[in-house]
1. Scan THR51, THR39 and give me the residue that is of a type in the set (Val, Ile, Thr) and crowded, with 22+ Cβ neighbours inside 10 Å.
2. What are the residues in region 175-187 that are surrounded by 24 or more Cβ atoms within 10 Å (Cβ to Cβ), away from the ligand (no atom under 14 Å from the Cβ) and either charged (D, E, K, R) or not in a loop (DSSP other than H, G, I, E, B) (or both), if any?
3. For region 57-112, name all the residues that are within 16 Å of the ligand (Cβ to nearest atom), closer than 24 Å to ASP227 by Cβ and modelled with pLDDT of 95 or more.
4. Quick one: how many residues across region 128-168 are near the ligand (Cβ under 7 Å from one of its atoms) and closer than 21 Å to ILE207 by Cα?
5. How many residues does region 220-239 contain that are acidic (Asp, Glu) and open to solvent by 50 Å² or more (accessible area, probe 1.4 Å)?
6. Kindly evaluate ILE293 against the criterion of being surrounded by 15 or more Cβ atoms within 10 Å (Cβ to Cβ), touching a Pro at 6+ places or on another chain (Cβ under 8 Å), over 25 Å from SER388 (Cα atoms) and among the aliphatic types (A, V, I, L, M).
7. Condition first: open to solvent by less than 40 Å² (accessible area, probe 1.4 Å) and within 16 Å of the ligand (Cβ to nearest atom). Can you find one or more residues in region 240-259 that meet it?
8. Would you mind stating whether ILE328 is free of Cβ contacts under 8 Å to residues at least 60 places away in the same chain, touching a helix residue (DSSP H, G or I) at 6+ places or on another chain (Cβ under 6 Å) and of a type in the set (Val, Ile, Thr)?
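The values are calculated or read from the model by the stated rules, or taken from the named source; none is laboratory data. Computed from a prediction, not measured in an experiment: that's the story for all the values here. When we count neighbours, we look across all protein chains shown, and the Cβ atoms used for this are built from the backbone with ideal geometry, even at glycine. Protein only, heavy atoms only, side chains kept; ligands, DNA and RNA dropped before computing areas. Shrake-Rupley method; radii C 1.70, N 1.55, O 1.52, S 1.80 Å.
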Amino acid sequence: MDSLKIIGGNPIKGQIKISGAKNAALPLMACGLLFNKGTLTLSSMPNLADTKFMCLLLKSLGIKADIKNNVAYFKGEPTEYIAQYDIVRKMRASILVLGPLLTRLGVAKVSLPGGCSIGTRPVDLHINALEKMGAKIELANGYIEARAPKKGLIGSEIYFPKISVGATENTIMAASLARGRTKIINAAKEPEIIDLAKCLISMGAKISGAGTDEITIDGVEELSGCDHRVIPDRIEAGSFAIAASITGGELELIECDPMHLLSLSKLLINAGVNWENTGKTIKISSDGNIKPISVETSEYPGFPTDLQAQFMTLMTIAKGNSKIVENIFENRFMHVPELTRMGAKISLEGGIANVVGVNNLNGARLMATDLRASISLVIAALKAKGESIISRIYHLDRGYENIEKKLINCGANIQRFKE
Ligand code: UD1
(Lines give C-alpha, C1' and ligand atoms only; values in the text may rest on other atoms or scores of the structure.)
Protein backbone atom coordinates (compact mmCIF):
# COMPACT_ATOMS: atom_id res chain seq x y z
CA MET A 1 0.00 0.00 0.00
CA ASP A 2 1.29 3.48 -0.88
CA SER A 3 2.19 6.00 1.80
CA LEU A 4 3.52 9.55 1.73
CA LYS A 5 6.53 10.89 3.58
CA ILE A 6 6.38 14.64 4.02
CA ILE A 7 8.93 16.91 5.67
CA GLY A 8 7.14 20.10 6.58
CA GLY A 9 8.21 23.70 6.68
CA ASN A 10 8.64 24.62 3.01
CA PRO A 11 6.32 27.37 1.74
CA ILE A 12 4.24 26.26 -1.25
CA LYS A 13 5.42 28.57 -4.04
CA GLY A 14 4.84 28.40 -7.77
CA GLN A 15 2.13 27.53 -10.22
CA ILE A 16 -0.39 24.65 -10.27
CA LYS A 17 -2.69 23.76 -13.15
CA ILE A 18 -6.06 22.68 -11.82
CA SER A 19 -7.47 19.39 -13.14
CA GLY A 20 -11.01 18.66 -14.29
CA ALA A 21 -13.50 18.28 -11.42
CA LYS A 22 -14.03 14.74 -10.15
CA ASN A 23 -17.54 15.58 -8.97
CA ALA A 24 -18.46 16.97 -12.38
CA ALA A 25 -16.75 14.15 -14.29
CA LEU A 26 -18.61 11.28 -12.57
CA PRO A 27 -22.19 12.35 -13.48
CA LEU A 28 -21.00 13.39 -16.96
CA MET A 29 -19.62 9.88 -17.44
CA ALA A 30 -22.99 8.43 -16.37
CA CYS A 31 -24.45 10.31 -19.39
CA GLY A 32 -22.56 7.68 -21.41
CA LEU A 33 -25.63 5.47 -20.78
CA LEU A 34 -28.13 7.94 -22.19
CA PHE A 35 -27.55 8.32 -25.91
CA ASN A 36 -27.79 6.18 -29.02
CA LYS A 37 -26.05 8.22 -31.74
CA GLY A 38 -22.42 9.36 -32.03
CA THR A 39 -19.76 9.51 -29.34
CA LEU A 40 -19.67 11.37 -26.04
CA THR A 41 -16.20 12.91 -25.66
CA LEU A 42 -15.30 14.45 -22.32
CA SER A 43 -12.06 16.44 -22.25
CA SER A 44 -10.18 17.64 -19.15
CA MET A 45 -11.09 14.28 -17.62
CA PRO A 46 -9.10 13.89 -14.38
CA ASN A 47 -6.99 10.73 -14.19
CA LEU A 48 -8.22 9.38 -10.84
CA ALA A 49 -9.14 6.10 -9.21
CA ASP A 50 -12.82 7.21 -9.17
CA THR A 51 -12.99 8.09 -12.87
CA LYS A 52 -11.35 4.72 -13.66
CA PHE A 53 -14.00 2.94 -11.53
CA MET A 54 -16.78 4.78 -13.35
CA CYS A 55 -15.24 3.77 -16.69
CA LEU A 56 -15.16 0.12 -15.54
CA LEU A 57 -18.76 0.35 -14.35
CA LEU A 58 -19.96 1.68 -17.72
CA LYS A 59 -18.00 -1.05 -19.51
CA SER A 60 -19.68 -3.66 -17.30
CA LEU A 61 -23.02 -2.24 -18.48
CA GLY A 62 -22.08 -2.74 -22.15
CA ILE A 63 -20.83 0.76 -23.06
CA LYS A 64 -17.62 1.14 -25.09
CA ALA A 65 -15.69 3.37 -22.73
CA ASP A 66 -12.08 4.50 -22.65
CA ILE A 67 -9.95 7.24 -21.08
CA LYS A 68 -6.74 8.34 -22.82
CA ASN A 69 -4.62 11.43 -22.12
CA ASN A 70 -7.34 13.11 -20.04
CA VAL A 71 -10.04 12.53 -22.64
CA ALA A 72 -12.87 10.04 -22.06
CA TYR A 73 -14.87 8.46 -24.90
CA PHE A 74 -18.21 6.69 -24.63
CA LYS A 75 -20.11 4.93 -27.37
CA GLY A 76 -22.78 2.29 -27.79
CA GLU A 77 -25.83 1.34 -25.74
CA PRO A 78 -26.24 -0.31 -22.34
CA THR A 79 -26.80 -4.04 -22.72
CA GLU A 80 -26.73 -4.90 -19.01
CA TYR A 81 -28.95 -3.43 -16.32
CA ILE A 82 -27.14 -4.61 -13.17
CA ALA A 83 -24.50 -2.45 -11.44
CA GLN A 84 -22.67 -5.06 -9.41
CA TYR A 85 -21.73 -4.78 -5.75
CA ASP A 86 -18.02 -5.26 -6.47
CA ILE A 87 -17.77 -1.95 -8.32
CA VAL A 88 -20.44 0.03 -6.46
CA ARG A 89 -18.92 -0.68 -3.03
CA LYS A 90 -15.70 1.04 -4.13
CA MET A 91 -17.40 4.26 -5.13
CA ARG A 92 -20.67 5.68 -3.81
CA ALA A 93 -21.14 7.83 -6.90
CA SER A 94 -21.98 4.58 -8.75
CA ILE A 95 -25.57 5.35 -7.67
CA LEU A 96 -25.50 7.90 -10.52
CA VAL A 97 -26.11 5.11 -13.05
CA LEU A 98 -29.53 4.33 -11.53
CA GLY A 99 -31.51 7.13 -13.24
CA PRO A 100 -29.80 6.76 -16.65
CA LEU A 101 -30.19 2.94 -16.74
CA LEU A 102 -33.83 3.08 -15.69
CA THR A 103 -34.84 5.78 -18.15
CA ARG A 104 -32.94 4.11 -20.98
CA LEU A 105 -33.72 0.41 -20.43
CA GLY A 106 -36.89 0.60 -18.32
CA VAL A 107 -35.16 -1.55 -15.72
CA ALA A 108 -32.16 -1.14 -13.42
CA LYS A 109 -30.62 -3.04 -10.58
CA VAL A 110 -27.95 -1.16 -8.65
CA SER A 111 -26.19 -2.38 -5.54
CA LEU A 112 -26.97 -0.23 -2.49
CA PRO A 113 -23.82 1.79 -1.82
CA GLY A 114 -24.05 1.34 1.96
CA GLY A 115 -22.48 3.57 4.60
CA CYS A 116 -19.11 5.23 4.48
CA SER A 117 -16.75 6.81 6.92
CA ILE A 118 -18.25 10.31 6.69
CA GLY A 119 -21.80 9.24 7.56
CA THR A 120 -24.71 6.98 6.66
CA ARG A 121 -25.33 8.67 3.27
CA PRO A 122 -28.79 7.29 2.43
CA VAL A 123 -30.22 7.19 -1.11
CA ASP A 124 -33.90 7.73 -0.24
CA LEU A 125 -34.08 11.03 -2.17
CA HIS A 126 -32.86 9.33 -5.37
CA ILE A 127 -35.41 6.54 -4.94
CA ASN A 128 -38.34 8.82 -4.04
CA ALA A 129 -37.74 11.00 -7.11
CA LEU A 130 -37.76 8.00 -9.47
CA GLU A 131 -40.88 6.62 -7.76
CA LYS A 132 -42.57 9.98 -8.31
CA MET A 133 -41.80 9.45 -12.03
CA GLY A 134 -43.73 6.17 -11.98
CA ALA A 135 -40.93 3.68 -11.18
CA LYS A 136 -41.67 0.67 -9.01
CA ILE A 137 -38.71 0.20 -6.69
CA GLU A 138 -37.84 -2.63 -4.33
CA LEU A 139 -34.87 -3.07 -2.07
CA ALA A 140 -33.84 -6.73 -1.99
CA ASN A 141 -30.60 -8.56 -1.19
CA GLY A 142 -28.59 -5.35 -1.00
CA TYR A 143 -29.78 -4.11 -4.40
CA ILE A 144 -32.14 -1.35 -5.57
CA GLU A 145 -34.37 -2.99 -8.19
CA ALA A 146 -36.26 -0.46 -10.27
CA ARG A 147 -38.76 -0.82 -13.08
CA ALA A 148 -40.21 2.03 -15.16
CA PRO A 149 -43.81 2.02 -16.47
CA LYS A 150 -44.16 0.23 -19.85
CA LYS A 151 -43.90 3.41 -21.90
CA GLY A 152 -41.10 4.86 -19.79
CA LEU A 153 -40.72 7.24 -16.85
CA ILE A 154 -43.29 10.00 -16.56
CA GLY A 155 -42.32 13.65 -16.09
CA SER A 156 -43.48 14.88 -12.65
CA GLU A 157 -43.06 17.60 -10.07
CA ILE A 158 -40.40 16.54 -7.57
CA TYR A 159 -39.80 18.38 -4.35
CA PHE A 160 -36.63 17.49 -2.43
CA PRO A 161 -37.13 17.95 1.34
CA LYS A 162 -33.33 18.10 1.63
CA ILE A 163 -30.88 19.42 -0.98
CA SER A 164 -28.90 16.59 -2.57
CA VAL A 165 -26.32 16.95 -5.33
CA GLY A 166 -26.47 13.29 -6.39
CA ALA A 167 -30.28 13.01 -6.27
CA THR A 168 -30.62 16.21 -8.34
CA GLU A 169 -28.19 14.75 -10.91
CA ASN A 170 -29.89 11.35 -11.06
CA THR A 171 -33.27 13.02 -11.53
CA ILE A 172 -32.06 15.39 -14.28
CA MET A 173 -30.58 12.44 -16.22
CA ALA A 174 -33.68 10.27 -15.78
CA ALA A 175 -36.03 13.13 -16.71
CA SER A 176 -34.11 13.95 -19.89
CA LEU A 177 -35.61 10.87 -21.57
CA ALA A 178 -38.92 10.74 -19.63
CA ARG A 179 -42.33 11.50 -21.11
CA GLY A 180 -43.34 15.11 -20.49
CA ARG A 181 -42.12 17.81 -18.12
CA THR A 182 -40.27 17.29 -14.84
CA LYS A 183 -39.85 20.11 -12.36
CA ILE A 184 -37.30 19.71 -9.58
CA ILE A 185 -37.99 21.98 -6.63
CA ASN A 186 -35.29 22.63 -4.02
CA ALA A 187 -32.64 21.36 -6.43
CA ALA A 188 -28.90 21.51 -5.68
CA LYS A 189 -27.22 24.57 -7.27
CA GLU A 190 -23.60 23.38 -7.42
CA PRO A 191 -21.47 24.27 -10.49
CA GLU A 192 -21.32 20.51 -11.20
CA ILE A 193 -25.12 20.53 -11.73
CA ILE A 194 -24.80 23.38 -14.26
CA ASP A 195 -22.02 21.47 -16.03
CA LEU A 196 -24.16 18.33 -16.25
CA ALA A 197 -27.10 20.31 -17.64
CA LYS A 198 -24.83 22.02 -20.22
CA CYS A 199 -23.53 18.68 -21.46
CA LEU A 200 -27.03 17.17 -21.63
CA ILE A 201 -28.31 20.23 -23.53
CA SER A 202 -25.47 19.71 -26.07
CA MET A 203 -26.67 16.09 -26.31
CA GLY A 204 -30.16 17.32 -27.22
CA ALA A 205 -31.87 17.52 -23.80
CA LYS A 206 -34.25 20.35 -22.88
CA ILE A 207 -33.27 21.69 -19.48
CA SER A 208 -33.67 25.12 -17.94
CA GLY A 209 -32.98 26.57 -14.51
CA ALA A 210 -29.82 24.59 -13.66
CA GLY A 211 -27.91 26.59 -11.04
CA THR A 212 -31.18 27.78 -9.44
CA ASP A 213 -33.32 25.84 -6.98
CA GLU A 214 -35.94 25.04 -9.61
CA ILE A 215 -34.95 23.01 -12.67
CA THR A 216 -37.31 22.16 -15.53
CA ILE A 217 -36.65 19.26 -17.85
CA ASP A 218 -38.79 18.47 -20.90
CA GLY A 219 -38.17 14.85 -21.86
CA VAL A 220 -36.98 14.13 -25.41
CA GLU A 221 -37.16 10.93 -27.49
CA GLU A 222 -33.43 10.44 -27.82
CA LEU A 223 -30.03 11.99 -27.15
CA SER A 224 -26.78 12.00 -29.15
CA GLY A 225 -23.12 12.17 -28.16
CA CYS A 226 -21.30 15.52 -28.01
CA ASP A 227 -17.94 17.05 -27.09
CA HIS A 228 -17.81 18.57 -23.65
CA ARG A 229 -15.05 19.94 -21.40
CA VAL A 230 -15.26 19.11 -17.68
CA ILE A 231 -15.18 22.21 -15.43
CA PRO A 232 -12.10 22.78 -13.24
CA ASP A 233 -12.05 21.18 -9.80
CA ARG A 234 -12.97 23.87 -7.26
CA ILE A 235 -12.16 21.57 -4.33
CA GLU A 236 -8.68 20.77 -5.66
CA ALA A 237 -8.07 24.51 -6.22
CA GLY A 238 -9.37 25.35 -2.73
CA SER A 239 -7.18 22.66 -1.15
CA PHE A 240 -4.02 24.08 -2.77
CA ALA A 241 -5.05 27.63 -1.83
CA ILE A 242 -5.22 26.53 1.80
CA ALA A 243 -1.85 24.73 1.50
CA ALA A 244 -0.26 28.00 0.30
CA SER A 245 -2.01 29.99 3.04
CA ILE A 246 -0.88 27.77 5.91
CA THR A 247 2.75 27.50 4.73
CA GLY A 248 3.17 31.24 4.08
CA GLY A 249 3.50 30.56 0.36
CA GLU A 250 2.80 32.27 -2.92
CA LEU A 251 0.79 30.28 -5.41
CA GLU A 252 -0.79 30.82 -8.79
CA LEU A 253 -3.64 28.45 -9.60
CA ILE A 254 -4.19 28.34 -13.33
CA GLU A 255 -7.08 27.05 -15.44
CA CYS A 256 -9.53 27.27 -12.57
CA ASP A 257 -12.79 29.16 -12.07
CA PRO A 258 -12.44 31.74 -9.27
CA MET A 259 -16.21 32.36 -9.34
CA HIS A 260 -16.73 28.82 -7.97
CA LEU A 261 -14.63 29.64 -4.90
CA LEU A 262 -16.20 32.86 -3.65
CA SER A 263 -17.10 31.45 -0.22
CA LEU A 264 -13.51 30.26 0.39
CA SER A 265 -11.93 33.45 -0.95
CA LYS A 266 -13.96 35.60 1.50
CA LEU A 267 -12.88 33.42 4.42
CA LEU A 268 -9.21 33.40 3.45
CA ILE A 269 -9.16 37.17 2.89
CA ASN A 270 -10.69 37.65 6.36
CA ALA A 271 -8.02 35.29 7.71
CA GLY A 272 -5.33 37.65 6.35
CA VAL A 273 -4.45 35.88 3.09
CA ASN A 274 -4.01 37.87 -0.14
CA TRP A 275 -6.31 36.50 -2.84
CA GLU A 276 -6.44 37.95 -6.35
CA ASN A 277 -8.59 36.75 -9.26
CA THR A 278 -7.67 37.41 -12.88
CA GLY A 279 -9.80 35.56 -15.41
CA LYS A 280 -9.10 31.87 -14.92
CA THR A 281 -6.22 32.40 -12.50
CA ILE A 282 -6.12 32.84 -8.74
CA LYS A 283 -3.05 34.29 -7.00
CA ILE A 284 -2.68 33.55 -3.32
CA SER A 285 0.02 34.80 -0.98
CA SER A 286 0.32 34.61 2.76
CA ASP A 287 2.88 35.42 5.43
CA GLY A 288 1.61 32.44 7.43
CA ASN A 289 0.01 34.66 10.10
CA ILE A 290 -3.57 33.43 10.08
CA LYS A 291 -6.48 35.10 11.90
CA PRO A 292 -9.11 32.79 13.40
CA ILE A 293 -12.34 32.58 11.39
CA SER A 294 -15.46 30.61 12.27
CA VAL A 295 -17.49 28.97 9.54
CA GLU A 296 -20.30 26.53 8.87
CA THR A 297 -20.67 24.28 5.88
CA SER A 298 -23.73 24.53 3.69
CA GLU A 299 -24.91 23.78 0.19
CA TYR A 300 -23.56 25.87 -2.72
CA PRO A 301 -23.04 28.83 -2.80
CA GLY A 302 -22.23 28.33 0.89
CA PHE A 303 -18.94 27.00 2.23
CA PRO A 304 -18.48 23.42 0.91
CA THR A 305 -18.27 20.44 3.25
CA ASP A 306 -15.55 19.15 0.89
CA LEU A 307 -13.24 21.98 2.12
CA GLN A 308 -14.13 21.74 5.80
CA ALA A 309 -11.25 19.45 6.83
CA GLN A 310 -8.69 21.57 4.95
CA PHE A 311 -10.02 24.82 6.45
CA MET A 312 -9.98 23.32 9.94
CA THR A 313 -6.31 22.43 9.40
CA LEU A 314 -5.62 26.08 8.60
CA MET A 315 -7.43 27.15 11.76
CA THR A 316 -5.29 24.86 13.94
CA ILE A 317 -2.40 27.36 13.64
CA ALA A 318 -4.52 30.55 13.66
CA LYS A 319 -3.79 33.24 16.24
CA GLY A 320 -6.88 32.56 18.36
CA ASN A 321 -10.01 30.41 18.60
CA SER A 322 -12.45 29.40 15.90
CA LYS A 323 -15.57 27.28 15.57
CA ILE A 324 -16.29 25.04 12.59
CA VAL A 325 -19.81 23.67 12.15
CA GLU A 326 -20.45 20.70 9.84
CA ASN A 327 -24.06 20.75 8.61
CA ILE A 328 -23.97 18.36 5.63
CA PHE A 329 -22.46 15.06 6.85
CA GLU A 330 -22.84 14.01 10.46
CA ASN A 331 -19.53 12.25 10.88
CA ARG A 332 -17.12 14.30 8.81
CA PHE A 333 -14.55 14.82 11.55
CA MET A 334 -12.30 11.81 10.90
CA HIS A 335 -9.33 14.18 10.52
CA VAL A 336 -9.74 15.57 14.05
CA PRO A 337 -8.00 12.75 16.02
CA GLU A 338 -5.15 12.75 13.49
CA LEU A 339 -4.69 16.55 13.67
CA THR A 340 -4.78 16.27 17.47
CA ARG A 341 -1.91 13.79 17.28
CA MET A 342 0.06 16.52 15.50
CA GLY A 343 -0.51 18.90 18.40
CA ALA A 344 -3.71 20.62 17.24
CA LYS A 345 -6.20 21.61 19.93
CA ILE A 346 -9.67 20.67 18.77
CA SER A 347 -12.68 19.61 20.83
CA LEU A 348 -15.84 18.21 19.31
CA GLU A 349 -19.41 18.80 20.45
CA GLY A 350 -21.78 17.05 18.03
CA GLY A 351 -21.39 18.72 14.66
CA ILE A 352 -19.23 21.55 16.02
CA ALA A 353 -15.44 21.64 16.25
CA ASN A 354 -13.91 24.21 18.59
CA VAL A 355 -10.36 24.95 17.53
CA VAL A 356 -7.79 26.68 19.71
CA GLY A 357 -4.92 27.90 17.55
CA VAL A 358 -1.40 26.63 18.39
CA ASN A 359 1.97 27.96 17.21
CA ASN A 360 2.79 25.02 14.97
CA LEU A 361 1.95 21.37 14.32
CA ASN A 362 4.44 18.52 14.76
CA GLY A 363 5.08 15.80 12.22
CA ALA A 364 3.59 12.39 13.12
CA ARG A 365 2.56 9.02 11.70
CA LEU A 366 -0.93 9.55 10.30
CA MET A 367 -3.71 7.50 8.81
CA ALA A 368 -5.82 8.81 5.92
CA THR A 369 -9.49 7.93 6.43
CA ASP A 370 -11.54 9.54 3.66
CA LEU A 371 -10.74 11.67 0.65
CA ARG A 372 -10.96 15.16 2.14
CA ALA A 373 -9.56 14.09 5.54
CA SER A 374 -6.55 12.76 3.61
CA ILE A 375 -5.75 16.04 1.87
CA SER A 376 -6.17 17.90 5.18
CA LEU A 377 -3.43 15.68 6.64
CA VAL A 378 -1.18 16.43 3.66
CA ILE A 379 -1.73 20.16 4.26
CA ALA A 380 -1.04 19.74 7.98
CA ALA A 381 2.15 17.78 7.25
CA LEU A 382 3.36 20.45 4.78
CA LYS A 383 3.17 22.98 7.60
CA ALA A 384 4.32 20.79 10.51
CA LYS A 385 7.76 20.71 12.06
CA GLY A 386 9.60 17.53 11.09
CA GLU A 387 8.56 14.40 9.28
CA SER A 388 5.08 12.94 8.79
CA ILE A 389 4.20 9.59 7.29
CA ILE A 390 0.65 9.34 5.93
CA SER A 391 -0.54 5.81 5.23
CA ARG A 392 -3.60 4.55 3.29
CA ILE A 393 -3.32 7.31 0.73
CA TYR A 394 -5.44 5.42 -1.81
CA HIS A 395 -8.18 7.81 -0.68
CA LEU A 396 -6.12 10.71 -2.05
CA ASP A 397 -5.73 9.00 -5.42
CA ARG A 398 -9.53 8.88 -5.68
CA GLY A 399 -9.71 12.66 -5.93
CA TYR A 400 -6.35 14.39 -6.52
CA GLU A 401 -4.55 13.97 -9.83
CA ASN A 402 -0.71 13.90 -9.63
CA ILE A 403 -0.86 15.26 -6.10
CA GLU A 404 2.77 14.85 -5.14
CA LYS A 405 4.10 16.02 -8.53
CA LYS A 406 2.04 19.20 -8.30
CA LEU A 407 3.27 19.89 -4.76
CA ILE A 408 6.93 18.98 -5.42
CA ASN A 409 6.95 21.49 -8.30
CA CYS A 410 5.99 24.10 -5.70
CA GLY A 411 8.79 23.27 -3.30
CA ALA A 412 7.18 20.63 -1.08
CA ASN A 413 9.35 17.88 0.37
CA ILE A 414 7.07 14.93 -0.31
CA GLN A 415 7.73 11.38 -1.42
CA ARG A 416 5.52 8.37 -2.17
CA PHE A 417 6.69 4.95 -1.04
CA LYS A 418 5.34 1.43 -0.50
CA GLU A 419 4.92 0.31 3.11
C1 UD1 B 1 -21.77 15.04 -3.47
C2 UD1 B 1 -20.28 15.05 -3.69
C3 UD1 B 1 -19.53 15.08 -2.36
C4 UD1 B 1 -20.01 16.26 -1.52
C5 UD1 B 1 -21.52 16.23 -1.39
C6 UD1 B 1 -22.07 17.47 -0.69
C7 UD1 B 1 -20.08 13.82 -5.77
C8 UD1 B 1 -19.61 12.60 -6.46
N9 UD1 B 1 -19.92 13.85 -4.44
O10 UD1 B 1 -22.08 13.84 -2.76
O11 UD1 B 1 -18.13 15.22 -2.65
O12 UD1 B 1 -19.44 16.18 -0.23
O13 UD1 B 1 -22.13 16.18 -2.69
O14 UD1 B 1 -21.69 18.62 -1.35
O15 UD1 B 1 -20.52 14.78 -6.39
N16 UD1 B 1 -28.95 12.60 1.56
C17 UD1 B 1 -30.08 11.95 2.01
N18 UD1 B 1 -30.73 11.12 1.14
C19 UD1 B 1 -30.31 10.94 -0.14
C20 UD1 B 1 -29.16 11.61 -0.60
C21 UD1 B 1 -28.48 12.44 0.29
O22 UD1 B 1 -30.49 12.11 3.16
O23 UD1 B 1 -30.97 10.18 -0.88
C24 UD1 B 1 -28.21 13.48 2.49
C25 UD1 B 1 -26.75 13.05 2.71
O26 UD1 B 1 -26.64 12.06 3.69
C27 UD1 B 1 -26.12 14.36 3.12
C28 UD1 B 1 -26.88 15.40 2.27
O29 UD1 B 1 -28.10 14.76 1.89
O30 UD1 B 1 -26.37 14.61 4.48
C31 UD1 B 1 -26.15 15.88 1.04
O32 UD1 B 1 -25.72 14.76 0.30
P33 UD1 B 1 -25.59 14.81 -1.29
O34 UD1 B 1 -25.64 16.22 -1.75
O35 UD1 B 1 -26.54 13.84 -1.89
O36 UD1 B 1 -24.12 14.25 -1.48
P37 UD1 B 1 -23.59 13.33 -2.66
O38 UD1 B 1 -24.30 13.66 -3.92
O39 UD1 B 1 -23.52 11.92 -2.20
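1. THR51
2. Result: ALA175, SER176, THR182.
3. Scanning region 57-112 gives LEU57, LEU58, ALA72, LEU96, VAL97, GLY99, PRO100.
4. Number satisfying all stated conditions: 5.
5. Result for region 220-239: 3.
6. For ILE293, the condition - surrounded by 15 or more Cβ atoms within 10 Å (Cβ to Cβ), touching a Pro at 6+ places or on another chain (Cβ under 8 Å), over 25 Å from SER388 (Cα atoms) and among the aliphatic types (A, V, I, L, M) - is not met.
7. no
8. So ILE328 fits the description; yes.
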